[in-house]
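The values are calculated or read from the model by the stated rules, or taken from the named source; none is laboratory data. Quick caveat, the model's predicted, so the values are computed rather than measured. Here the Cβ is made from the backbone with ideal geometry for all residues, glycine too, and neighbour counts use every protein chain on show. Ligands, DNA and RNA are stripped out before the accessible areas are found, and what is left, the full protein with its side chains, is counted by its heavy atoms. Shrake-Rupley method; radii C 1.70, N 1.55, O 1.52, S 1.80 Å.
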Amino acid sequence: MIGSTVVRVAPAKLNLTLAVVGRRPDGYHALHSVMVPLGLADRLSLAPAGGHEDTLHVDGFPTGAGPDDLVLRALAEARRAVGAGWAGPAGPPPALAARLEKRIPVAAGLGGGSSDAVAALDGALEAWGAELSIHERLRIAARLGSDVPFFLAGGPALVEGRGETVTPLRGVIGEPPGVLVVTPPVAVPTPAVFGAYAAGTRPAGGAARTSSVHLADELRSGLDARALVDRAGILAVANDLIPAAAAIVPELVGLRRALRRLLGRPVGQSGSGPTLWVLYPSVSEAEAAAKTVRAAVADGSLPVPGAGQPFIAATTIQPTIHTRSE
Ligand code: C5P
């Protein structure tokens, strides 16, 4: 055993675009989505443990069973894949005690659980001093969930197929754009959203696909941060799952409209929701917007659906995924 604790940063993701481009024989939807990592991130530490079973302790947002499972499932997959090829002492790679500091809201469309899974997979390999090829890591990631392979890209990427085809993009050049994220405390389960889409709740016309292809082309060679923010109006509607998410939680329509009115900027949706996003040229402008939204929630002028408080945070689009905490 290598012995020391490994700490990994697990960033959230934002879908700048999300086009559904077909239905696959396996029942999943074929996607064309430009995804970027955010500064908002969970932290996962993995320490050698004495017992035979991996354990997980979560601080911050409670995760429920699903995402918990994803960290433990990733550790189990990593152990199985390392298996006989492990250069350590006889027997399987030792058990790990995982501690997850959950700062990304759960089931929000921000990919937190998927990011934690990659942090667990790569962190376990580091803790054991083991290696797997990128193909093997991608295969494991795709098994763990559709959003998981993106987090192996190391930065902005075009995501296609069910989520397993990931093409890194050069991304945004210049001062990282600020992002306001607002996550209302409502449940918008991804299978239900895709189910509503499959049942016909979808936009007509294929505009999201056109915008997504165009943005991916621009980010391939690198797009000036200002130019990205200038495209917010187009990107805010380039998500084919917006009507389907609104079919599950109709109040999302009103919240988007109210945020647009309050902030005077386009409001997009990340993934299958319910997180809404607003782009700014800088993080300080996103912070000012977060203050405005918090005040409007507090004085009752911005009604937010759901029970409890919404998650409101200012963050940035990251040029690369920094997996180590400095
Ligand atoms: O792969 P994951 O478990 O994250 O997907 C959750 C659900 O979302 C799937 O069961 C499926 O219903 C839907 N989905 C889909 N097409 C995708 C990704 C997810 O239909 N590309």
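A few comments on the model shown:
- For segment 272-326, the set of trypsin sites (Lys or Arg not before Pro) satisfying both a DSSP loop assignment and a count of at most 15 other C-beta atoms within 10 Å is given as Arg324.
- Taking Lys and Arg as +1 and Asp and Glu as -1, the other residues whose beta-carbon sits under 12 Å from that of Gly60 total 0.
- Cα centroid separation, segment 124-142 to segment 235-293 (Å): 35
- Our note on the geometry: Cα centres of segment 4-21 and segment 143-169, 9 Å apart.
- Summed side-chain charge close to Pro319 - residues other than Pro319 whose Cβ falls under 13 Å, Lys, Arg +1, Asp, Glu -1: -1
- Here the accessible area is traced with a 1.4 Å probe on the protein chains. For the chain, carbon and sulfur cover 54 percent of it.
- Remark: relative contact order (the chain) = 24 percent; criterion is Cα-Cα distance under 8 angstrom and separation of 6 or more residues.
- For the chain, the antiparallel share of DSSP beta bridges with both residues in that region comes to about 80%.
- Among Pro310, Pro37, Pro177, residue whose mean-square fluctuation peaks in a GNM of the chain (springs only between Cα atoms under 10 Å): Pro310
- Probe 1.4 Å, all protein chains present, accessible-area order of Arg79, Arg226, largest first: Arg226, Arg79
- Mean Cα-pair separation over length for segment 179-247, i.e. relative contact order, pairs under 8 Å, 6 or more apart, %: 59
- Here the dipole of segment 20-126 is about 240 debye; that uses its Cα centre as origin and unit charges on the Cβ of Lys and Arg (positive) and Asp and Glu (negative).
- Over the chain, accessible surface divided per residue gives 42 Å², non-protein components excluded, 1.4 Å probe.
- Three principal axis lengths of the chain [C-alpha, angstrom, descending]: 62, 43, 40
- Mean separation of Cα contacts under 8 Å (6+ apart) over length of segment 238-301, as relative contact order %: 26
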